Every structure is written in structure tokens, then in C-alpha cells.
Amino acid sequence: MNWYLIYTKVKKEDFLEQLLTEAGLEVLNPKIKKTKNVRNMKKEVIEPLFPCYIFVKADLNIHLRIIRYTQGIRRLVGGSNPTVVPIEIIDTIKSKMVDGFIDTKSEEFKKGDTILIKDGPFKDFIGIFQEELDSKGRVSILLKTLALQPRITVDKDMIEKLRN
């Protein structure tokens, strides 16, 4: 049996995971927890890591009909010659999962790291990481601007490290 990638209809990943699991197939539907602003309130939401895609371990000689005709599946990636997903990719995804979710909090910052602000009023600004301020995920950043470097405070999930 090999791993394959299934292209699903929008927001059908969980539904298909349940159906295919009930049919005896192993399914990988990795999810992430994100913090989003909803009506000026931060709310934690759960989303698929790969929207409209799930992985399934199957023997296509036996399971192709089930996969092709299950409601909510658009197609196997690769069409008439489905692409086998290397086991190393599946193992890497599984190794990054903690309590059923992909661990997105693992990126650590050091003082002096160049960062990009991904969200909020300073979106797309570049800054220099200074320090973590509290256990709630607030961090201090020196904002790079033309004339000065003001210190600002943002949520840690709003920044990402820039690779040099």
C-alpha cells in the first residue's frame, strides 16, 4: 500500500476523513491551530494544513473504486496515473504533529533576528527581534524605518523569521 494525495471539495476534508476511515483506509488530514481576528477579538480556529487535500494510504487495485466514487472527492492527484506520496513526506508531517495538530509554535527567535511582521497595522514591515515579554506570546520588536527604530510590541504569532 502507498500514500496518495486526494483533492477534495471545499471544506470536505473532515467529512472524507471519517468516510474513508470507516471504509478501512488510513487517512492523514493534518490541521493547525491559528489565531484570527474576528470582530476585533482574537479567536483560535482549527484549519486544515492543506485546504482541499488529504492523504490516504491505499492499495489502488482494491480501493480505487471507493476513492473515485466517494462523495466529496474531486480526484486523486495525478489523474489516471496517481502520484505516490513518498513515505518520508508522510513521516515528516507526522513528526511535526503534537496532540493531533501541526506544531506551529516551534519557531524560536533570538535577540537580533530579522523578522517580518505578517499581520496587524505594521504588516509587511521588517524589524529586529528584541525579547519575549510574557507567557501570552507578546514580543518586543525594533521596527526598521528610514529615520529611526521605534520599539513596538506585537503578538508572537504575527511575526516570522526572515532567512538570510
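The values are calculated or read from the model by the stated rules, or taken from the named source; none is laboratory data. Please read these numbers as outputs of a predicted model, since none were measured by experiment. Cβ coordinates were reconstructed from backbone atoms using ideal geometry, including for glycine residues, and neighbour counts include every protein chain displayed.
Taken as a whole, the condition of being in a loop (DSSP other than H, G, I, E, B) and at pLDDT 90 or above does not apply to Pro121. It is to be established whether one or more residues within the range 70-87 are more than 30 Å from Ser140 (Cβ to Cβ), touching a Gly at 6+ places or on another chain (Cβ under 9 Å) and in contact (Cβ under 8 Å) with a residue 24 or more places away in the chain. There is at least one residue in the range 70-87 that is more than 30 Å from Ser140 (Cβ to Cβ), touching a Gly at 6+ places or on another chain (Cβ under 9 Å) and in contact (Cβ under 8 Å) with a residue 24 or more places away in the chain. In this structure, Arg39 does not satisfy being assigned by TED's automatic domain parsing to the domain that holds Val10, farther than 26 Å from Met158 by Cβ and among the basic types (Lys, Arg). Apart from one condition, Leu76 fits all of (1) loosely packed, with under 13 Cβ neighbours inside 10 Å; (2) modelled with pLDDT of 85 or more; (3) within 30 Å of Glu13 (Cα to Cα); the exception is (1).
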